[in-house]
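Before any comments, here is the structure.
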Amino acid sequence: AIASGASFNLALKSDGTVCGWGSNGGGQLDIPAGLTGVTAITAGDVHSLALRNDGAVIVWGHNYYGQLNLPAGLTDVIAIDAGARHSLALKSDGTVVAWGDNSSGQCSVPAGLTGVVSVSAGASHSLALKSNGTVLAWGQNYAGQTSVPSGLASVIAISAGGAHSMALRADGTLIAWGDNSYGQASVPAGLILLEDTVKPVISMN
């Protein structure tokens, strides 16, 4: 696996160790000594995360916005994603935990949110995909990045950008919303991702 931050990169090796290169101004490349058993990695602007095979999350790098302040008792994590200055963790029970910069509400996980199978963190907003194929969003919405299109369903994958969001539906079509100043929310006409090129999220229910 690989992950790119603002000006640095991380790579997960087959032996469960992590290496990194690029800018290290915030300590984002200072991988904790002895870190092994890693199954997933993700990178924010200047902070890094690793998920171990025991469900524990390891963080390092810049902590000006609390990016390294892991919530107490965070265990049984199955997926992670880093935004610019915040992070998301998906637990095995389908709940979501967030920490770091919350100036735009990007860490304010909706009360009662359960049944989540995938998460994605944008610059200042967050997305969650539920097992029923619906999407929830919260955080900064100045460009409509959290205004999930009405009736959006049958979603199998999500991705949050700087100020826009995308959803891949089971029929291979893409839906995008939010900032479109560079055409990033304008899905090319006729673009279909064939079924044999995508790996739908497996529901835990």
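The values are calculated or read from the model by the stated rules, or taken from the named source; none is laboratory data. Quick caveat: nothing in here was measured; it's all calculated off a predicted structure. Neighbour counts run over all protein chains shown; Cβ positions are idealised from the backbone, glycine included. Please note that ligands, DNA and RNA were not included when accessible areas were found on the heavy atoms of the full protein model with its side chains. Shrake-Rupley method; radii C 1.70, N 1.55, O 1.52, S 1.80 Å.
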**Q.** Virtual spin-label span in nm between Leu35 and Arg52, 7 Å along Cα→Cβ
**A.** 1.2
Q. Between Tyr142 and Leu74, what FRET efficiency comes out of the Förster formula 1/(1 + (r/R0)^6) with R0 = 25 Å and r the beta carbon distance, rounded to 0.05?
A. 0.25
Q. Residue separation times 0.36 nm, minus the C-alpha to C-alpha distance between Leu193 and Thr173: what's the value?
A. 6.6 nm
(Q) With a 10 Å cut-off between alpha carbons and a GNM built on the chain, which of Ser124, Ser104, Ser181 moves the most? (A) Ser181
**Q.** Leu168 accessible area, assembled protein chains, probe 1.4 Å, Å²
**A.** 20
